[in-house]
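K.L.:
Please find one structure pasted underneath; my questions will follow.
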Amino acid sequence: LVNDSNIDTHLSKRGARKRDQYFRVLVCRCLLLNFKWHWRLDVNEAALIFNRLCGVFRDRRFASLAGEPSDLPGFLRDNNIALLEEKKSSDTAYTLLLKLVVRAANDMRKNNPQYAQSKIVPPGIKKTLSLAMPLGSLSFTKEKPPSKHELSMLYNRFSFVAVAIYLEPVEANVKSRLAIARRFVDFRKVDDETRRACIRGVMHLSILIRHLGLALDGVLEWLSDMTNILID
């Protein structure tokens, strides 16, 4: 399921697309097992599944699959965090994976009373989040702007930050997640389309943070820096 240069050179575009479609089906099945058949996501076997699924996205630098839209997920675009609890056919595979992580957090809190009312996530979810977390900044520049598909790497990174803040709505976590998000790209050096993606991402993170009743200090500082760059 992972990208392998030795194999991919012999794959047709149709073959690559079919492989991605198959991987999407696997993620959908995992979500369906939890939604409809109550497969618990807080057990050791589920952790192995997360490791395998996240590994496929890590190999792609967290780009969306072939043929999928390159955009923020519906729960951010519609400013409706409740959509994280729903299975939608229009979701990208990475959005479905994030919904699996949210479902796993719900299962862990439900089956561990000490975390039921806590804003701190259980240790198991911290590990799962670390598996699903996109690592490394993106080398987008004005001279080498990303393709529309490559831009999905940035959108998926913003999606992850939103879910991480939602699952652990405490000031310290917001501060650290925003610090990571600010390093995704160098706003001063990127092209206009990437800048638009950043502005949209920050806008929706701001709405989420405000919805959770958390301080906007980190977001306002980020917006101030972006504005100064645009003015310059």
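K.L.:
Filter the stretch 76-106 down to residues that are of a type in the set (Ser, Thr, Tyr), assigned to a loop (DSSP other than H, G, I, E, B) and open to solvent by less than 20 Å² (accessible area, probe 1.4 Å), then give me how many there are.
P.N.:
Looking only at that region, the number is 1.
K.L.:
A follow-up question, please. Could you give me the residue pairs with C-beta distances under 6 Å whose first residue belongs to the stretch 174-203 and is touching a residue at least 24 places away in the same chain (Cβ under 8 Å) and among the small types (Gly, Ala, Ser), whose second residue is part of a helix (DSSP H, G or I) and open to solvent by less than 70 Å² (accessible area, probe 1.4 Å) wherever it lies, and which are 6+ apart or on separate chains?
P.N.:
Correct list of pairs: ALA181/VAL161; ALA197/LEU154; GLY201/PHE158.
K.L.:
Going by the structure shown, is LEU223 without any contact (Cβ under 8 Å) to a residue 40 or more places away in the chain and of a type in the set (A, V, I, L, M)?
P.N.:
yes
K.L.:
State whether one or more residues within the stretch 89-98 are small (Gly, Ala, Ser) and farther than 29 Å from LEU205 by Cα.
P.N.:
Looking through the stretch 89-98, none of the residues is small (Gly, Ala, Ser) and farther than 29 Å from LEU205 by Cα.
K.L.:
Let me ask another. Can you pull out the residues in the stretch 20-57 that are of a type in the set (D, E, K, R), open to solvent by 50 Å² or more (accessible area, probe 1.4 Å), farther than 21 Å from GLU86 by Cβ and at pLDDT 90 or above?
P.N.:
ARG52
K.L.:
For the stretch 107-213, please list each of the helices (runs of 4 or more DSSP H) lying entirely inside it that holds at least 1 residues being open to solvent by 70 Å² or more (accessible area, probe 1.4 Å) and of a type outside the set (Val, Ile, Thr). Even if it seems obvious, please write down each step before you answer.
P.N.:
On the way: elements: 123-132, 152-167, 171-182, 192-211.
Qualifying helices (runs of 4 or more DSSP H): 123-132, 171-182, 192-211.
K.L.:
Do the conditions hold for LEU72, that is, is it out of contact with any Asp or Glu (no Cβ under 9 Å at 6 or more places or on another chain), open to solvent by less than 40 Å² (accessible area, probe 1.4 Å) and of a type in the set (A, V, I, L, M)?
P.N.:
When the stated conditions are applied, LEU72 passes them.
K.L.:
Scan PHE140, PHE158 and give me the residue that is in contact with a Pro (Cβ under 7 Å, 6 or more places away or on another chain), at pLDDT 95 or above, hydrophobic (A, V, I, L, M, F, W, C) and closer than 23 Å to ARG188 by Cα.
P.N.:
Matching residue, one of PHE140, PHE158: PHE140.
K.L.:
Helices (runs of 4 or more DSSP H) wholly in the stretch 1-75 with at least 1 residues that are within 23 Å of PHE158 (Cα to Cα) - which ones?
P.N.:
Per the criteria, 13-35, 44-59.
The values are calculated or read from the model by the stated rules, or taken from the named source; none is laboratory data. Computed from a predicted model, the values in this text were never measured in an experiment. Note that each Cβ is placed from the backbone with ideal geometry, even for glycine, and that neighbours are counted across all protein chains shown. For the accessible areas, the whole protein counts, side chains as well, though only heavy atoms, and no ligand, DNA or RNA atoms are used. Shrake-Rupley method; radii C 1.70, N 1.55, O 1.52, S 1.80 Å.
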